[in-house]
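What follows is one structure encoded as structure tokens, with my remarks underneath.
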Amino acid sequence: MYLEIKQLGVQYGKAGDHVHPAVAAVDLGLAAGEIGVLIGPSGCGKTTLLRAIAGLERVSSGSITIASRVVSDLRAHVPPEERRIGMVFQDYALFPHLDVAKNIGFGLRHLDAAQRKARVVEVLELVGLVGQQHRYPHELSGGQQQRVALARALAPQPTLLLLDEPFSNLDVELRERLSHEVRSILKAEGTTALFVTHDQLEAFAMGDVIGVMHQGQLHQWADAYTLYHRPATRFVADFIGHSVFATAKIENHIENGTLHKHVVTALGELHDISPNVLARLPIGECDVLLRADDIVHDDASSVQAQITRKAFRGSEFLYTLQLKTGEIVLAHVPSHHDHQLGEWIGIRPVVDHVVTFPKLI
Ligand code: ADP
Ligand code: MG
């Protein structure tokens, strides 16, 4: 692993203050050239973790290793300027009195003028800003300014690039385009990067590996598919995608002399569960994760639910539905099915990947 974090803890305030650590027991690794994304609610410790990697915070336990060199542990603390880490923040932090070329060249003072100029042109090409060398930050759009910030961070060829919610000041459409663009730029440069966001779509668009954080802990560090289909904890299941937990009864029945396991919810029985998943489900009550994608609108279904909220999402609606039992489920429904609030519609569960958790007591 190129970046390796082991049992990392970061605590603000003095040791023994009994404050809740901002980062606790985090383990993660990134191979060279890989892009990792940290996602989680505000205050969960994402920025603190990046600052510790950059050397801007000391660690209270564990270690950070970059390219086989321990840069932080209880004994060692390599100063930030010796780590050669590039950073891009939410506020573009460009120098307002310097033009684009000088902003980008800022970290290249160790090069001679010709080399510096060549590298500036190279990264301008990379971020698609050729011809803008002599413009000043205030003459650029937010998206262009953020591209300059990225170019400036990439220019000195950092060992690792850290990006802390770099697009959160931009509008949604631009944010989505930039996240794809930045991913290809980083891949073209072969840069190893750790990107922080609170936006799931951005995380899925950017990351080779995605980590979900909550209250200082990293709940899961995995690819998007695994996070979505095999969430490690209830928090991850709840945080990723649109879903609810519904009560499920898992029962054994003897049918024609053989034992069959059934998973029954307020939506009826869940079918099509693969035999090995079924085999692992414990008999009794549990909570089953029902994603909006698992609920299909079907006029022929005997299960009826009332629309209590609807949100237009382009090709589909996200409907919030209430069953007769009072249970709430979510459903993605193609947007040509435009039903009114209060209307009752037929629904049917189609759950391929069954995810269950013990009931909360
Ligand atoms: P995120 O970036 O995920 O929003 P942060 O890393 O900024 O989270 O914060 C994690 C926790 O550490 C929060 O409880 C926050 O209040 C606390 N915290 C952050 N910075 C400081 C600081 N400089 N001093 C004390 N506590 C801090
Ligand atoms: Mg933050």
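Could you tell me the calculated FRET efficiency between S68 and A25, based on Cβ-Cβ distance and R0 = 22 angstrom, to the nearest 0.05?
0.45
Quick one: net charge of H198's neighbours, Cβ under 10 Å, K/R +1, D/E -1? Don't skip to the end; give the middle numbers.
Working: positive: K46; negative: E165, D199, E202.
It works out to a net charge of -2.
Inverting the mean 1/r over all pairs of different Cα atoms, compute the Kirkwood radius of the range 1-160 and quote it in Å.
Result for the range 1-160 stands at 17.3 Å.
Arranged by the count of other C-beta atoms within 10 angstrom, fewest first, what order do L318, L3, L290 take? Mind dumping the intermediate values first?
Numbers: L318 15, L3 23, L290 27.
Taking fewest neighbouring Cβ atoms as first place, the list is L318, L3, L290.
Of K261/K359; K46/K249; K6/K359, which ones are farther than 28 Å apart at the Cα? Please list the in-between numbers first.
On the way: K261/K359 19 Å; K46/K249 38 Å; K6/K359 32 Å.
In this structure, K46/K249; K6/K359 exceed 28 Å between Cα atoms.
Less than 11 Å Cβ to Cβ from I39, Lys/Arg counted +1 and Asp/Glu -1: what total charge do the surrounding residues give?
Net charge in that neighbourhood comes out at -2.
Add -39500 (n - 2.57) for each DSSP H run of 4 or more in the chain, then divide by its residues: what number comes out at 222 nm, to the nearest 500 deg cm²/dmol?
-7000 deg cm²/dmol
What nm value, rounded to one decimal, do you get for the distance between D299 and A118 when each label is placed 7 Å out toward the C-beta?
Here the modelled spin labels are 6.9 nm apart.
Alpha carbon centre of the range 265-309 versus the range 44-58: separation in Å?
Cα centroid to Cα centroid, the span is 41 Å.
Assuming R0 = 41 Å, what is the FRET efficiency of Y225 and K14, from their Cβ-Cβ distance, to the nearest 0.05?
Calculated value: 0.45.
Starting with the fewest neighbours, write out E255, E125, E316, E202 ranked by other beta-carbon atoms found within 10 Å of each beta-carbon.
The order, fewest Cβ neighbours first, is E255, E125, E316, E202.
Distance in nm between label sites at R234 and E139, each 7 Å beyond Cα in the beta-carbon direction?
5.7 nm
Evaluate E = 1/(1 + (r/R0)^6) for Q7 and K249, where r is the Cβ-Cβ distance and R0 equals 30 Å; express this FRET efficiency to the nearest 0.05.
FRET efficiency, Q7 to K249: 0.15.
Nearest 20 debye, what's the magnitude of the dipole of the chain about its Cα centre given +1 on Lys and Arg Cβ and -1 on Asp and Glu Cβ?
1160 debye
Hydropathy first: keep DSSP H helices in the chain averaging at least -1.0 on Kyte-Doolittle, then drop any whose Cα extent along the axis falls short of 15 Å, and list what survives.
Result, helices passing both filters: 113-126, 142-154, 172-189.
So what is the relative contact order for the range 3-236, in percent, with contacts set as C-alpha pairs under 8 Å and at least six apart?
27 percent
Figure the gain on full extension for D91 and F312 (residue separation times 0.36 nm, minus the Cα-Cα span) and round it to one decimal in nm.
Roughly 76.5 nm would be gained on extension.
Any idea what % of Cα-Cα pairs in the range 242-358 are farther than 25 Å?
26 percent
What is the sum of charges, Lys and Arg at +1 and Asp and Glu at -1, for the other residues whose Cβ falls under 13 Å from the Cβ of Y136?
On the way: positive: K102, R135; negative: D99, E139.
Surrounding charge for Y136 is 0.
Starting from the exponent 0.38 and prefactor 2.2 Å, build the expected Rg for the chain from its residue count and divide its actual Cα Rg by it.
Here the answer is 1.20, to two decimals.
Given V19, V71, M213, which one lies farthest toward the positive end of the charge dipole of the chain, if we put +1 on the Cβ of every Lys and Arg and -1 on the Cβ of every Asp and Glu?
Of V19, V71, M213, it is V71.
For H337, H214, H110, what ranking results if the residue with the fewest other Cβ atoms within 10 Å of its Cβ goes first?
H110, H337, H214
Could you work out the relative contact order of the range 193-346, using alpha carbon pairs under 8 angstrom and six or more residues apart, expressed as a whole percent?
Computed value for the range 193-346: 16 percent relative contact order.
What trypsin sites (Lys or Arg not before Pro) in the range 263-361 are in a loop by DSSP, with at most 15 other Cβ atoms within 10 Å of the Cβ?
R313, K324, K359
Using the alpha-carbon centroid of each, what span in Å lies between the range 72-141 and the range 209-227?
30 Å
Any aspartates and glutamates with Cα under 16 Å of the K102 Cα? List them, leaving off those in the same chain fewer than 8 positions away.
D112, E122, E125, E139
Every number here is computed from the coordinates shown, using simple stated rules; none is lab data. Being a predicted model, the structure only gives us computed values, none of them experimental. Here the Cβ is made from the backbone with ideal geometry for all residues, glycine too, and neighbour counts use every protein chain on show.
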